[in-house]
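Here's the structure we're looking at; comments come further down.
The values are calculated or read from the model by the stated rules, or taken from the named source; none is laboratory data. Keep in mind that this is a model prediction, so the values were computed, not measured. Virtual Cβ from ideal backbone geometry, glycine too; neighbours counted across all protein chains shown.
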Amino acid sequence: MIKVVKPFWSYDIKKTELWLSEMAKKGYLLVGLNQWTRCFFFQQGKSNSVTYRIGYDQPHGFSLSRTLVDEGWTEVIKCGKWYIISNEEPIEQIKTFSVRDGIIKRNRTIMYIFSGILIYLSGIAIFNLSLLISSLFQDVPVEVVPSPMWILTYSLLVFAIAIFVLSIYSVVIIKKTNKYLTSEKTSKLQSGKHTEGRLSKEKEKQLKLSGKMVVKRKPGWMYSPDRLEEWLENMERYGYNLYRVSRTGTAFYFIMGTPRNVSYCADYQNISNESYFDMHREAGWKSVFISYSSLQKWTIWSREFSQEEERPKIYSDKLHHLKHARKVAFAYTILFLPLVSMYILYLVIFIAGMLNNGTSGLSLLNTIMYLFCIIIFGSFTVRTWLYYMRLRNRYDFQL
């Protein structure tokens, strides 16, 4: 039996699975895993072609379904919330795989933590650098005072640099892994978008030049999704039929056609699995946009209806709709409030410095920059709460 240490194996699931398959080809079959020491244990045997699949679920919550068993999958290891299954069938013959939502959710949480650390450390570095640059451009003498505990000071500096590098590595690798994991089901999720009717770029260019295609940009619609829904529905009533949405979700392409009654819904979900899309599509909705961002998981749904029909809604329950709006507001508050607080603190410190030492061009530029960031990021948070308040007032009025 051999032991192999892989400290960051869970960051790159695809690479780990390929590595396990390579070990099996060399005759080393996986028999154990210690999630705390990050050690894999192998038993030497016959060389074999094995496909491995790593998953993450609640403790003792995973069990192989009958479909997976019939497909040839067998359980190899269950360690805490982690599990590893294997299949000796040729990879091209395997049609069914276990879901990845547990890993995606776990990775997203870790990425948020390291992103927060990056923002915090970057903010401290920028602030100190701003103070240094500002002092160099002023006539105030700079005095460097040696630290009485230089060993502790340099140790903390090295530790901060190590954490900073680890955070960058973690965010980059985890983002890459989540992109790969979500792409496993992207083709299935995107299959309902009727891409077979997509025009060529040359045809789109001709329609734009002739005025039959109009492109409108809405860069911050996710902070006021109700405004986007209302705007899209009004465009349809005036004969501007939505053709497609850009990959980033900021550009909307309309083709001049006939007025239509179309209901739109911009929906935010932390993790959108196959059942979520299947449920809405079976109800007649079409996904005109699915975001690829790991931080913002938005889907824009559309459904055409006749004049005699009542406007269809994805959220027919008012309390459920309000809860969804509150989730959107909380999500963006958690994302932007720390940034706004940090910039407010820096703004106060810079204003106090200008009052004591006078105003210079650089300090004034820093002050304007921090004020601009406060307004921009603060407006994002405020707009999401205004969206929630508009929805609550609308339902209170209807009641």
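Does Lys46 qualify as being modelled with pLDDT of 85 or more and part of a loop (DSSP other than H, G, I, E, B)?
The answer is yes for Lys46.
Those residues that are touching a Leu at 6+ places or on another chain (Cβ under 7 Å) and either exposed (fewer than 13 other Cβ atoms within 10 Å of the Cβ) or assigned to a strand (DSSP E or B) (or both), I need them from the range 7-38; list them, please.
Leu30
Among (1) loosely packed, with under 15 Cβ neighbours inside 10 Å; (2) within 21 Å of Gly123 (Cα to Cα), there is one condition Arg390 misses while meeting the rest; what is its number?
All conditions are met except number (2).
Does the range 340-352 contain any residue that is over 28 Å from Trp221 (Cα atoms), touching a Gly at 6+ places or on another chain (Cβ under 8 Å) and among the small types (Gly, Ala, Ser)?
Looking for residues that are over 28 Å from Trp221 (Cα atoms), touching a Gly at 6+ places or on another chain (Cβ under 8 Å) and among the small types (Gly, Ala, Ser), one finds none in the range 340-352, hence no.
Can you tell me which residue in the range 352-378 is modelled with the highest pLDDT, limited to those that are surrounded by fewer than 14 Cβ atoms within 10 Å (Cβ to Cβ) and either touching a helix residue (DSSP H, G or I) at 6+ places or on another chain (Cβ under 8 Å) or not in a helix (DSSP H, G or I) (or both)?
Among residues in the range 352-378 that are surrounded by fewer than 14 Cβ atoms within 10 Å (Cβ to Cβ) and either touching a helix residue (DSSP H, G or I) at 6+ places or on another chain (Cβ under 8 Å) or not in a helix (DSSP H, G or I) (or both), the one modelled with the highest pLDDT is Leu364.
One line per residue, one yes/no per condition, for (1) in contact with a Pro (Cβ under 7 Å, 6 or more places away or on another chain); (2) surrounded by fewer than 16 Cβ atoms within 10 Å (Cβ to Cβ); (3) at pLDDT below 80:
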position: Met111; (1), (2), (3): no, no, no
position: Asn128; (1), (2), (3): no, yes, yes
position: Ser134; (1), (2), (3): no, no, yes
position: Asp139; (1), (2), (3): no, yes, yes
position: Glu143; (1), (2), (3): no, yes, yes
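Does Ile85 satisfy the condition of being in a strand (DSSP E or B) and surrounded by 13 or more Cβ atoms within 10 Å (Cβ to Cβ)?
In short, yes.
Quick check on the range 380-390. Is at least one of its residues at pLDDT 85 or above, more than 28 Å from Tyr112 (Cα to Cα), assigned to a helix (DSSP H, G or I) and outside the structural domain of Tyr223 (by TED's automatic domain parsing)?
There is at least one residue in the range 380-390 that is at pLDDT 85 or above, more than 28 Å from Tyr112 (Cα to Cα), assigned to a helix (DSSP H, G or I) and outside the structural domain of Tyr223 (by TED's automatic domain parsing).
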